[in-house]
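Worksheet: the structure to be examined is printed underneath.
The values are calculated or read from the model by the stated rules, or taken from the named source; none is laboratory data. Remember, predicted model here, so these are calculated numbers, not experimental data. Heads up, the Cβs are rebuilt from the backbone with ideal geometry, glycines too, and the neighbour counts pull from every protein chain shown.
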Amino acid sequence: MKIAIAGGSGFIGTALTEELLKEKHEICILTRNPDKYVSHEQVRYVQWLSNGASPEEELEGIDVFINLAGESLNSGRWTAERKRRIVESRIQSSKEMTRILSQLLKKPETVINASAIGYYGNSEVITYTEDTRSEGDDFLANTVKIWEKEAMKAGSYTSRLVLTRFGVILGRKDGALPSIVLPYKLFAGGRIGSGRQWVSWIHIQDVTQAIIFCMKHKEIRGPVNFTAPHTKQMNDFGQSVGAVLHKPHWFPVPAFLLKRLLGEMSVLVLEGQKVLPEKLLNHQYPFIYPDLAPALKDLLTDRR
């Protein structure tokens, strides 16, 4: 297949590209700075979101469009300006995706747009599935609702639109895990806040394989939760990290301290939601890492 990936040079995009190359797909990666990369027979880097860019000229004939573009949530305090950029980056990329699709003579069969479980809001007692309507009214929930509303406009130019609601993605060097692990390496790991908040996590390998699974299973459409089937509360998550690293889980970090250090961004670690991947399970996606301990062992074991 010929596949376009916006945001293909980021954390998820890079991992996904590696997996798609193994299957011999032709990939077009949309980026603001194509000159930073070297195109080859299977991968071409195409300029977008810059003056004069007309990526549609090189995307004619694509079978799948995957949009992963958007400014990172955890690369700095959520100042008013950062919050504006977080929202605008997602709206802009979704609008440009729709514009590109409208210009293609042959429309892609499948469009996959990134989203997030922040859509549901936060709770310690509710279990969320794809059938749950958003109850959230905080910055994350409102951002996701705006993001999905814009992305859904692309549905006019494809026979199938999938919204991948990502949970906490665990990777070896990227994603949330390195920040979670650092205190344990310094012998300062422990309960964060109340410890009761849910962590709906997923291994990066399951992220890439589940995206490919959604590509191939044409009956899957609409929102899809990208979380492991066995969520953990934060205190249990931390204890698992400590056990894998053979480090103590003993140093509590109070909520007020994180709020002072991180500001509003502290919601990423102090609050959470229990989100189940009901749609993936119903379609029998074979999770590689359904349980946390094996996932952490894979990611935290020294491979030298």
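So how many residues does the stretch 145-170 have that are touching a residue at least 60 places away in the same chain (Cβ under 8 Å), touching a strand residue (DSSP E or B) at 6+ places or on another chain (Cβ under 8 Å) and not in a strand (DSSP E or B)?
Counting residues in the stretch 145-170 that are touching a residue at least 60 places away in the same chain (Cβ under 8 Å), touching a strand residue (DSSP E or B) at 6+ places or on another chain (Cβ under 8 Å) and not in a strand (DSSP E or B) gives 7.
State all residues of the stretch 127-144 that are out of contact with any Asp or Glu (no Cβ under 7 Å at 6 or more places or on another chain) and part of a loop (DSSP other than H, G, I, E, B); if no residue qualifies, say none. It would help to see each step written out before you state the result.
We begin by selecting, within the stretch 127-144, every residue out of contact with any Asp or Glu (no Cβ under 7 Å at 6 or more places or on another chain); these are 127-128, 131-138, 140-144.
The answer is D131, T132, R133, S134, E135, G136, D137, D138.
Out of everything in the stretch 1-18 that is out of contact with any Gly (no Cβ under 8 Å at 6 or more places or on another chain) and in a loop (DSSP other than H, G, I, E, B), what residue ends up being nearest to S93 (Cα to Cα)?
Checking each candidate, the answer is G8.
Against the condition surrounded by fewer than 18 Cβ atoms within 10 Å (Cβ to Cβ) and within 17 Å of the chain's Cα centre (by Cα), how does I146 come out, does it pass? Walk me through it before giving the result.
On the way: surrounded by fewer than 18 Cβ atoms within 10 Å (Cβ to Cβ): yes; within 17 Å of the chain's Cα centre (by Cα): yes.
Considered against the rule, which asks whether it is surrounded by fewer than 18 Cβ atoms within 10 Å (Cβ to Cβ) and within 17 Å of the chain's Cα centre (by Cα), I146 comes out as yes.
Restricting the stretch 42-80 to residues that are within 22 Å of the chain's Cα centre (by Cα) and of a type in the set (D, E), which is surrounded by the most Cβ atoms within 10 Å (Cβ to Cβ)?
In this case the residue turns out to be E71.
Given the criterion of a type in the set (D, E) and touching a Leu at 6+ places or on another chain (Cβ under 6 Å), identify the matching residue among E148, E109.
On the way: E109 fails: touching a Leu at 6+ places or on another chain (Cβ under 6 Å).
Within the list E148, E109, the selection yields E148.
Using the structure shown, decide if S194 is over 24 Å from L68 (Cβ atoms), of a type in the set (S, T, Y) and surrounded by fewer than 22 Cβ atoms within 10 Å (Cβ to Cβ).
Taking the combined requirement at face value, the residue satisfies it.
Among the residues of the stretch 197-222, write down those that are buried (at least 22 other Cβ atoms within 10 Å of the Cβ) and of a type in the set (D, E, K, R).
Passing the criteria: only D206.
Being surrounded by fewer than 20 Cβ atoms within 10 Å (Cβ to Cβ), in contact with a Phe, Trp or Tyr (Cβ under 6 Å, 6 or more places away or on another chain) and outside any helix (DSSP H, G or I) is the filter here; which residues of the stretch 234-280 pass it?
Answer for the stretch 234-280, where residues must be surrounded by fewer than 20 Cβ atoms within 10 Å (Cβ to Cβ), in contact with a Phe, Trp or Tyr (Cβ under 6 Å, 6 or more places away or on another chain) and outside any helix (DSSP H, G or I): just K247.
Go through L49, L73, L21, L101 for me and flag whichever is in a helix (DSSP H, G or I) and either at pLDDT below 95 or closer than 22 Å to Q205 by Cα (or both).
Details: L49 fails: in a helix (DSSP H, G or I); L73 fails: in a helix (DSSP H, G or I); L101 fails: either at pLDDT below 95 or closer than 22 Å to Q205 by Cα (or both).
After ruling out the rest, the residue left standing is L21.
Kindly indicate whether V64 is closer than 20 Å to I211 by Cβ and touching a residue at least 12 places away in the same chain (Cβ under 8 Å).
On the way: closer than 20 Å to I211 by Cβ: yes; touching a residue at least 12 places away in the same chain (Cβ under 8 Å): yes.
So V64 fits the description; yes.
Pairs needed: first member in the stretch 283-296, at negative phi and surrounded by 19 or more Cβ atoms within 10 Å (Cβ to Cβ); second member anywhere, at pLDDT 95 or above and among the acidic types (D, E); C-beta distance under 9 Å; at least 6 residues apart or different chains.
Y285/D206; F287/D206; Y289/D206; Y289/D298; L292/D236; A295/D206
What is the one condition in (1) crowded, with 18+ Cβ neighbours inside 10 Å; (2) in contact with a Lys or Arg (Cβ under 8 Å, 6 or more places away or on another chain); (3) hydrophobic (A, V, I, L, M, F, W, C) that V168 does not satisfy?
With (1) crowded, with 18+ Cβ neighbours inside 10 Å; (2) in contact with a Lys or Arg (Cβ under 8 Å, 6 or more places away or on another chain); (3) hydrophobic (A, V, I, L, M, F, W, C) applied to V168, the lone miss is (2).
Counting just the residues of the stretch 29-41 that are assigned to a loop (DSSP other than H, G, I, E, B) and either touching a residue at least 24 places away in the same chain (Cβ under 8 Å) or under 24 Å from the mean Cα position of the chain (by Cα) (or both), which one comes out nearest to P108 (Cα to Cα)? Quick ask: steps written out before the conclusion?
Pass one, the stretch 29-41, residues assigned to a loop (DSSP other than H, G, I, E, B): 32-33, 37-41.
Going one step further and asking which of them are either touching a residue at least 24 places away in the same chain (Cβ under 8 Å) or under 24 Å from the mean Cα position of the chain (by Cα) (or both), we end up with 32-33, 37.
Values: R32: 22, N33: 24, Y37: 25 Å.
Only one residue tops the list, namely R32.
Do you know which residues across the stretch 78-131 are out of contact with any Phe, Trp or Tyr (no Cβ under 8 Å at 6 or more places or on another chain), farther than 24 Å from V199 by Cα and not charged (D, E, K, R)?
T79, A80, S89, Q92, S93, Q103, L105
Restricting the stretch 128-143 to residues that are surrounded by fewer than 17 Cβ atoms within 10 Å (Cβ to Cβ) and among the polar types (S, T, N, Q), which is farthest from T98 (Cα to Cα)?
T129
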